[in-house]
Amino acid sequence: MSQVIILKKKIKKFNKEINIPGDKSLSIRWVLFSSLASGISTSKNLLISEDVLAAINVVKKLGIKVILNKKFCKIYGKGMSGYQYKENMSLNAKNSGTLGRLLLGLIINSTKKIKLIGDASLSKRDFKRVTYPLSKFGVTFKMSKNNGLPLIIKGSKSLKPIKYIEKKGSAQCKSSIIFAGMRTDGKTIIKAKKSRSHTEILCKYLRLPLKVKNKKRFDLIEVSKVKKINPINYDVPSDISSAAFFLALTALSNNSKLLIKNVNINPNRIGIVSIFRKMGIKINFRNKRIYKGEKIADILTSSPENIKPINCPINLNSSAIDEFLVIFLTVAAKADGVSYFKNLSELNQKESPRLKWAEKILKMMGVKTIVTNDSIKIFGNPNLKINKKIVIKNYLKDHRVFMASVIAALSFENKKGWYIYDKDSIKTSFPNFLTIIKRLNSEK
């Protein structure tokens with residue numbers, strides 16, 4: 001039977017300092033870049049989750065030596081031509097959309113057929129957003145009927161550079177094209193809607209032939225063929241997407257204060273901070289610094305007296321896309337008025353249809369909503385009381401559904417209990433999530 005956690009009591013007030021595991025997006029990118037580097041790369045604070053382990057297993061299958069222990073990870077890169085391709089080899093991205101989509105850009109130089117597979121959740125997600133632009137390089141794909149996984153890719157030795165307009169604000173799509181451009185003679189040009197910029201930042205730090213012109217609504221990216229990548233020694237900053245759960249918990253706890261150390265505050269990742277500030281929640285960045293191109297800070301937050309509703313600006317969507325579920329189930333549910341979020345069709349392209357799950361869970365909580373295919377209005381209630389059994393299950397084991405539900409359960413007392421299933425889902429991104437929760441709820 002699936003593991004279940006039962007919560008009935010609101011979390012106690014706290015005043016603590018915590019450390020969050022390494023950023024998942026950066027951890028996966030470090031693995032991929034290091035596998036192409038010429039020499040040995042070492043990482044500390046690498047996120048040891050199922051998604052990152054999947055990335056490590058993929059590069060090992062491609063012939064790259066990896067040593068992993070609790071203190072560090074070493075990757076013995078063999079250079080840009082170091083991957084060993086075998087006919088009909090199968091690569092498993094497990095639950096990771098980042099790994100699956102970026103990997104396709106990396107292996108476009110294989111003239112042998114390679115099968116990409118994933119778990120049940122990833123297999124349902126849209127891969128046409130990357131296979132369509134990658135096919136323009138001269139790559140052929142055999143797709144499943146739903147444009148998901150499994151798929152078969154056959155690359156080419158005579159790849160052509162492309163010009164592409166990326167309209168979804170998908171960092172995964174943009175990064176996949178960048179990786180493909182790194183293997184292609186000539187100049188690949190991408191006009192990309194604003195999204196996470198970790199790939200570009202690492203390219204700039206490594207002095208690779210990539211140029212970015214930042215415009216108001218989009219980025220213009222030029223990438224040329226990469227001959228060599230130097231080894232990358234990297235101390236991975238903490239993940240803002242994981243920190244988000246504890247920012248929300250502090251906002252809904254009584255007289256509480258929290259300091260989260262060494263968090264990645266990349267401007268394309270901190271939409272949740274802007275949203276929370278607009279809702280009257282105090283969040284301060286301390287000890288701000290730059291680490292290998294990424295902005296890092298300690299984040300200090302405390303419980304507000306009241307929470308204001310928000311008409312969320314759509315320009316914050318891409319920088320808060322992974323955090324919306326916890327925003328909906330916590331601060332928006334308790335806000336003093338109606339909050340409105342729109343242009344969010346991407347939420348239903350995640351590990352589970354998160355907009356639909358938000359509507360379902362909020363209804364169970366007794367919070368009124370009006371939902372369309374890409375928007376949600378949440379009628380917040382500062383005096384929300386829950387007194388009925390709430391069961392969260394069958395959500396495709398989406399780690400963010402589990403964690404957002406736990407934060408909601410600890411924020412809204414419910415004597416009848418929250419029964420939240422599939423707690424092992426957190427292994428994909430945040431294995432020690434519940435350990436940190438227990439620490440916050442303890443007297444020490």
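The values are calculated or read from the model by the stated rules, or taken from the named source; none is laboratory data. All values derive from a computational prediction rather than experimental measurement. Cβ: placed from backbone, ideal geometry, glycine included. Neighbour counts: every protein chain shown.
Checked against the criterion of being touching a Pro at 6+ places or on another chain (Cβ under 6 Å), among the polar types (S, T, N, Q) and farther than 17 Å from ARG101 by Cβ, the candidates THR188, THR184 yield just one match: THR184.
Does ILE165 satisfy the condition of being surrounded by fewer than 24 Cβ atoms within 10 Å (Cβ to Cβ) and outside any loop (DSSP other than H, G, I, E, B)? For ILE165, the condition - surrounded by fewer than 24 Cβ atoms within 10 Å (Cβ to Cβ) and outside any loop (DSSP other than H, G, I, E, B) - is met.
Yes or no, residue by residue, for (1) surrounded by fewer than 18 Cβ atoms within 10 Å (Cβ to Cβ); (2) out of contact with any His (no Cβ under 9 Å at 6 or more places or on another chain); (3) farther than 23 Å from LEU26 by Cβ; (4) not assigned by TED's automatic domain parsing to the domain that holds PHE14:
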{"site": "LYS292", "(1), (2), (3), (4)": "yes, yes, no, no"}
{"site": "PRO304", "(1), (2), (3), (4)": "yes, yes, yes, no"}
{"site": "LYS308", "(1), (2), (3), (4)": "yes, yes, yes, no"}
{"site": "CYS312", "(1), (2), (3), (4)": "no, yes, yes, no"}
{"site": "LEU316", "(1), (2), (3), (4)": "no, yes, no, no"}
{"site": "ALA332", "(1), (2), (3), (4)": "no, yes, yes, no"}
{"site": "GLY337", "(1), (2), (3), (4)": "yes, yes, yes, no"}
{"site": "LEU347", "(1), (2), (3), (4)": "no, yes, no, no"}
{"site": "VAL367", "(1), (2), (3), (4)": "no, yes, yes, no"}
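Answer with yes or no whether SER176 is touching a Leu at 6+ places or on another chain (Cβ under 6 Å), of a type outside the set (A, V, I, L, M, F, W, C) and touching a residue at least 40 places away in the same chain (Cβ under 8 Å). For SER176, the condition - touching a Leu at 6+ places or on another chain (Cβ under 6 Å), of a type outside the set (A, V, I, L, M, F, W, C) and touching a residue at least 40 places away in the same chain (Cβ under 8 Å) - is met. Of the residues making up the stretch 125-140, those that are surrounded by fewer than 18 Cβ atoms within 10 Å (Cβ to Cβ) and within 18 Å of the chain's Cα centre (by Cα) number 1.
Residue-wise test of (1) in contact with a helix residue (DSSP H, G or I) (Cβ under 8 Å, 6 or more places away or on another chain); (2) part of a strand (DSSP E or B).
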{"site": "ILE361", "(1), (2)": "yes, no"}
{"site": "ILE370", "(1), (2)": "no, yes"}
{"site": "ALA408", "(1), (2)": "yes, no"}
{"site": "ASP424", "(1), (2)": "no, no"}
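What are the pairs with Cβ atoms under 8 angstrom where one residue, in the stretch 18-39, is at positive phi and in the same structural domain as TYR83 (by TED's automatic domain parsing) and the other, located anywhere, is surrounded by 22 or more Cβ atoms within 10 Å (Cβ to Cβ) and at pLDDT 95 or above? Sequence gap at least six, or different chains. If the second residue must be surrounded by 22 or more Cβ atoms within 10 Å (Cβ to Cβ) and at pLDDT 95 or above, the pairs left are GLY39/GLY77. The residues of the stretch 347-389 that are touching a residue at least 24 places away in the same chain (Cβ under 8 Å) and among the β-branched types (Val, Ile, Thr), listed by number, are ILE361, VAL367, ILE376, ILE378, ILE386. Say whether the condition of being in contact (Cβ under 8 Å) with a residue 24 or more places away in the chain, of a type in the set (Lys, Arg) and in contact with a Lys or Arg (Cβ under 9 Å, 6 or more places away or on another chain) is met by at least one residue in the stretch 279-294. The answer is no; no qualifying residue exists. Within the stretch 1-47, the residues that satisfy the criterion of being more than 30 Å from LYS388 (Cα to Cα) and aromatic (Phe, Trp, Tyr) are TRP30, PHE33.
A single entry from LYS211, LYS225, LYS257 fulfils the requirement of being more than 20 Å from THR42 (Cβ to Cβ) and without any contact (Cβ under 8 Å) to a residue 40 or more places away in the chain: LYS211.
Of all residues in the stretch 404-444, those being surrounded by 15 or more Cβ atoms within 10 Å (Cβ to Cβ), farther than 21 Å from LYS257 by Cβ and not hydroxyl-bearing (Ser, Thr, Tyr) number 14.
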